[in-house]
1. Test residue A:17 against the stated conditions and say whether it is within 7 Å of another protein chain (Cβ to nearest Cβ), at pLDDT 95 or above and not in a helix (DSSP H, G or I).
2. Confirm whether residue B:125 is of a type outside the set (D, E, K, R), surrounded by 23 or more Cβ atoms within 10 Å (Cβ to Cβ) and touching a residue at least 40 places away in the same chain (Cβ under 8 Å).
3. Would you confirm whether any residue within region B:111-122 is in contact with a Leu (Cβ under 8 Å, 6 or more places away or on another chain) and not in a loop (DSSP other than H, G, I, E, B)?
4. Can you tell me which residues in region B:84-106 are in a helix (DSSP H, G or I) and exposed (fewer than 15 other Cβ atoms within 10 Å of the Cβ)?
5. Can you pull out the residues in region A:44-102 that are farther than 26 Å from residue B:40 by Cβ and of a type in the set (S, T, N, Q)?
6. Within region B:182-233, take every residue that is without any contact (Cβ under 8 Å) to a residue 24 or more places away in the chain and surrounded by 16 or more Cβ atoms within 10 Å (Cβ to Cβ) and give me the one that is nearest to the chain's Cα centre (by Cα).
7. In region B:77-92, which residues are of a type in the set (Gly, Ala, Ser) and more than 9 Å from chain A (Cβ to nearest Cβ)?
8. Residues B:122, B:133: which one is touching a Ser or Thr at 6+ places or on another chain (Cβ under 7 Å) and either of a type in the set (S, T, N, Q) or over 25 Å from residue A:13 (Cβ atoms) (or both)?
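The values are calculated or read from the model by the stated rules, or taken from the named source; none is laboratory data. Since the structure is predicted, the reported quantities are computational estimates derived from the model, not experimental observations. Quick reminder, even Gly has a Cβ in these numbers, built from the backbone with ideal geometry, and neighbours come from all protein chains shown.
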Amino acid sequence: MKPDPVFEAPWHAQLFALTVHLNEAGHFEWGQWAGRFGATLKRHGLAKELNGGEDYFAAWLDTLEVYLDEIGIAAPGEVALLRDAWKAAYLGTPHGQPVRLAKS
Amino acid sequence: MRVKILAAFKRLAHFGWTSGPGWCTLFPMPHDHSDHDDPHALLPSDPALRVKALETLLVQKGLIDPAALDEIIDTYENKIGPRNGARVVVKAWTDPGFRAALLEDATAVVADLGYYGRQGEHMVAVENTDELHNMVVCTLCSCYPWPLLGIPPGWYKSDAYRARAVREPRKVLAEFGVTLPEHRAVRVWDSTAEMRYLVIPQRPEGTEGMDEEALMGLVSRDSMIGTALAGTP
C-alpha cells in the first residue's frame with residue numbers, strides 16, 4: 001500500500017514551510033503561534049467539525065495572515081494585491097506555459 | 001477500524017507542482033482535469049493564491065529565502081519520518097540501559113541519535129505495559145514530535161480525534177482496531193508546544209531472534225502515537 005502523502009496539496013506544504021521558516025528567522029515564538037492557531041481551530045470548529053485536511057490548513061492560513069499583519073510584516077492590502085496579481089497571471093498565461101508574475 | 005475518523009478526513013484531488021525555481025515562476029504540471037481545452041494555466045484555489053501572495057510579499061521584503069522553504073519541504077517529505085521513532089523504540093526494546101535513559105530524559109537521548117531540532121525540544125517517552133496503555137493527542141492544535149515521527153497524519157489533526165481521544169479513548173482505540181483488556185488503564189497525553197510524547201509500544205511475543213531492521217518493521221507510526229499496537233512477526 002502506498003503511504004499517504006505527507007502534504008495533501010502543494011499549498012499546504014508551502015504554508016507549513018513558510019511558517020516554520022518565519023519562526024526560525026525569529027519573527028515569532030512557536031508557542032505564540034500554536035496558541036493563536038489553536039484558537040482559530042476552535043473558532044472554525046464551532047460551525048462544523050474540521051476534518052484535519054484542507055480545513056486544517058485553511059485555519060492555519062487565516063491564523064498566519066492575521067498574525068503577520070499583527071506583527072507588522074504583511075498587511076492585508078499588500079497580500080490582496082499580490083493574490084490578485086497572481087490570479088491575473090494564471091488567467092493570462094496560455095496553458096502549458098510557465099506562470100510569471102508581471103513586474104509592477 | 002479507523003473508518004469513522006478517517007471518513008471525516010476528506011480525500012483531496014492532487015495536482016502537480018514543482019517547488020522549482022523560485023517564487024516568480026511556476027510550471028503547470030500534468031493534471032487530471034478533463035477540460036484540456038482550457039486556454040489558460042490551471043488557476044490554483046483561493047487559499048493557494050493567498051499562500052503564494054504571502055510568500056511573494058515576504059521574498060520581496062527580503063524576509064524569507066525561497067530556497068530555505070524548499071529545503072524545509074524536502075526535509076519533511078523525504079528525510080524525516082516515523083522510521084526515526086521506530087529506531088528509538090527498537091533500541092529501547094533491545095538495550096535496557098538505553099530504555100532506562102530514554103524514560104529518564106528522552107530529549108537528550110534521542111538528540112544523541114541525531115533526532116533533534118524543530119518541535120523536538122522537549123520530548124517525553126511513555127512506555128506501554130500490561131497495566132497501562134498510552135495514547136497521544138494534541139487538543140489545542142497538532143503538536144507532535146516532528147524529529148521522531150515527521151508530520152502528523154490528517155486524522156491526528158481532525159476535530160474528531162482531538163476531541164474524542166480524551167473523552168472516550170477506548171472507543172477511539174476500538175475504531176483503530178485496538179481492543180485492550182478491561183484491566184488495562186489508558187492514559188491520554190495532551191501534547192503542547194512545550195511537550196511532545198512518543199509512545200513505546202510493547203514488544204510483541206516471538207520476536208527474540210529478530211534483528212533491528214526486522215523489528216523496526218513492526219513499529220508503525222500509529223503504534224508510536226498509541227492508536228495501534230506493534231505488529232506481529
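1. No.
2. yes
3. No, region B:111-122 contains no residue that is in contact with a Leu (Cβ under 8 Å, 6 or more places away or on another chain) and not in a loop (DSSP other than H, G, I, E, B).
4. B:96, B:97, B:100, B:104
5. A:51, A:63
6. Within region B:182-233, the match that is nearest to the chain's Cα centre (by Cα) is B:218.
7. Within region B:77-92, the subset of a type in the set (Gly, Ala, Ser) is B:81, B:85-86, B:92.
The answer is B:85, B:86, B:92.
8. B:122
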